[in-house]
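All of the numbers you see were taken from the coordinates with simple rules; none came from a lab. These figures come from a predicted structure and were not determined experimentally. Cβ atoms come from the backbone with ideal geometry, glycine included; neighbour counts cover every protein chain shown.
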Amino acid sequence: MNKPKLVVIGSLNMDIVVETDRYPQVGETLLGRSVRFIPGGKGANQAVAAARLGAETAMIGAVGDDSFGDDLLRSLQQDGVDISGVKRAAGSATGIASIYVAEGDNSIVVVPGANYLVEPADIDRNEAKLREADIVLLQLEIPIETVVHAAKKAKQLGKTVVLNPAPAQPLPDELFSCIDYLTPNRTELAEYTGMNTVGIHLEAAMRRMKDMGAAHVVTTLGADGSAFLGADGTMRFINSYRVPVVDTTGAGDCYNAGLALSIASGGSLDQAVAYASLASAVAVTKFGAQTGMPTADEVQQFSRQYSAGGEQQ
Ligand code: RIB
């Protein structure tokens, strides 16, 4: 059977991950427990996850001409991602993310570097990749102008477009009508709609987002699972899995890759959300963004274990 084809357009970062017992106060110096350099960036994370889950994956983005750029490209290649659409921006630094992992959560500061040099012309140069794709997957760690151009172009070519609107930022109205699947988390949904997204208010906020033009809206809710507006307009929920959480960095990226892969394979939205939930449940049991992305076999094994008596929250 042919593999589904995904093109991921987005960021590549080197994640500098510091583990501490707690977050530092303003002005305080703390001793950390460890530091690791782990390939990350929402775009590259989604590309690696899609490839490990079984998609033929191509990445469009940019790295600098430094050693982090070499490391990130090598790492993508090792996972079988086509990197011919990733440009090397001369004289620029590769994007980095400074990540603290503490108290069972993380906080991240991204310095975009070369990611902000991904231009509409880079999308045009890689049009052949878009033509071949089943799905084009986007996030917001490259210039908005490029995201809008890519989404419009993908739509003109008749492709299914998934936008993970993270990190949240002002978006032009014209973007929403190009989006088939919009996947904010609860906080992003609140920022985009200006509405309360807790409890009974969640559905109204998701409907508002759909009214803005996106064909389907899927909201990730962390430990509370995810919610989605089905094709028939009904609101549905899927629970998360009760797993030992090691690190949630990149879990949303894994979710988006799983969702896109499943849709590209012909799955219904219900099936895609179920698969994305399984994949991201495995991702949080491992440390790091790309280091934590599961293979299709690992997801299948977890699914079997769960059916044989695992717990869904
Ligand atoms: O979604 C997680 C990612 O966000 C990290 O890998 C980091 O690079 C930031 O882009």
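Couple of notes before you dig in:
- Exactly one residue among Val18, Val81, Val8 is of a type outside the set (D, E, K, R), under 18 Å from Ile123 (Cα atoms) and within 14 Å of the ligand (Cβ to nearest atom), and that residue is Val8.
- Counted residues, segment 84-101 - those being hydrophobic (A, V, I, L, M, F, W, C) and free of Cβ contacts under 8 Å to residues at least 60 places away in the same chain: 3
- Only one entry in Ile238, Ile200 is surrounded by 14 or more Cβ atoms within 10 Å (Cβ to Cβ), out of contact with any Cys (no Cβ under 6 Å at 6 or more places or on another chain) and aliphatic (A, V, I, L, M), namely Ile238.
- Qualifying residue in segment 36-57 (condition: under 23 Å from Asn164 (Cα atoms), more than 15 Å from the ligand (Cβ to nearest atom) and part of a strand (DSSP E or B)): yes
- Restricting segment 282-306 to residues that are part of a loop (DSSP other than H, G, I, E, B) and of a type outside the set (A, V, I, L, M), the residue that is farthest from Asn45 (Cα to Cα) is Thr285.
- Checking every residue in segment 94-110 against the condition of being within 16 Å of the ligand (Cβ to nearest atom), in contact with a Gly (Cβ under 9 Å, 6 or more places away or on another chain) and either more than 27 Å from Gly258 (Cα to Cα) or part of a helix (DSSP H, G or I) (or both) gives zero matches.
- Within segment 144-177, being surrounded by fewer than 17 Cβ atoms within 10 Å (Cβ to Cβ) and part of a helix (DSSP H, G or I) holds for Ile144, Glu145, Lys155, Gln156, Asp173, Glu174.
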